[in-house]
Each structure stands twice: as C-alpha cells, then as structure tokens.
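Undergrad: I am attaching a structure below and will ask some questions about it afterwards.
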Amino acid sequence: MKNERPQITELLVANGLDKVAARVLACFADDDDELTQVDMEIKARLRQPEVSIGTSYLIERGWLACRKRRKDEGRGRPINLYRLTMPMRDIVSEIVRERTREIDRQQELAEELLQAVA
C-alpha cells in the first residue's frame, strides 16, 4: 500500500508545498478518503512524527479535518481519522494561485532592480 502518486508529490513540492505535507496530501487518492495516521505512514512511507507534522500543517491550512473514533473494544486511545475538507482540485488551485502571486511579485522585484541600475 505505497503512495502511488509520486508525480503529484513532486509537483506539489515544486509549487512550494513542504515535502512532508505534500507526501501526506498525496495519500488522499479520492476526495472522500478517510485515512488513519497509520494509513498515511504506510502510503507516504513516513514516520509517525513526520505524518503528525504534515497533518498539522494541512489542518492549519484548512485542507484537512480530523475526527476521533473510539476503538471497537471501547478501551485505549481513540483513532484519529483524517479527510480532505475540500476536493483535491480546489486545494491544488489554491496552491497554484499562491505560487502565481509569488512569481508575479518576484518578477516585479526583478523589474525594479533593472530600473534601479539603468
């Protein structure tokens, strides 16, 4: 059960997303997937602390939600289930818009520099 979306991970990273967050995000093959921490560790080939960092970032951005489910036995810690809060396409569109703004700003700065030395 490995992460079959390495190209998506690479493209997310190339567009400014942190590598760990990109690997966690790429675990969600379908918009309605609901994954546990362990599912993501296996799919993304990450350790538990890395998945926690990635999920925290994605939750902070509003792209991932977490709900707790009690174990069937009713004892022990509950299991956290994670799911996307919006379709992957919308998340990617947001990333692309942010990246485009960054590129536009860098272009403006480059033009200002050229004018400053002209």
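Undergrad: Arranged from highest to lowest average of other beta-carbon atoms within 10 Å per residue, in what order do the peptides 13-22, 103-112 appear?
TA: Taking the mean over residues of other Cβ atoms within 10 Å, the ranking is 13-22, 103-112.
Undergrad: May I pose another question? Testing the spin-label approximation: label points 7 Å from Cα along Cα→Cβ at L114 and I53. State their distance in nm.
TA: For the pair L114/I53, the computed spacing is 3.8 nm.
Undergrad: In addition: Suppose R0 equals 35 Å; then what is the FRET efficiency for R77 and Q7 from their Cβ-Cβ distance, rounded to the nearest 0.05?
TA: Here the calculated transfer efficiency is 0.50.
Undergrad: Going by how many other beta carbons lie within 10 Å of each one, how would you line up R83, R89, fewest first?
TA: R89, R83
Undergrad: Once every DSSP H run of n ≥ 4 in the chain is given -39500 (n - 2.57) and the sum is divided by its residues, what mean residue ellipticity at 222 nm do you get, rounded to the nearest 500 deg cm²/dmol?
TA: Helix-only estimate at 222 nm: -18000 deg cm²/dmol.
Undergrad: Separate question: Out of these labelled values of mean projected area of the Cα convex hull in nm², (1) 8.9; (2) 6.7; (3) 10.7, which was calculated from the coordinates shown here?
TA: Recomputing mean projected area of the Cα convex hull in nm² here picks out (1).
Undergrad: By count of other Cβ within 10 Å, fewest leading, how are M88, M40 ordered?
TA: Lowest to highest Cβ neighbour count: M88, M40.
Every read-out reported here was derived from the displayed coordinates using simple, explicitly stated rules and does not represent laboratory data. As the structure is a computational prediction, the values presented were derived from the model and not from experiment. Heads up, the Cβs are rebuilt from the backbone with ideal geometry, glycines too, and the neighbour counts pull from every protein chain shown.
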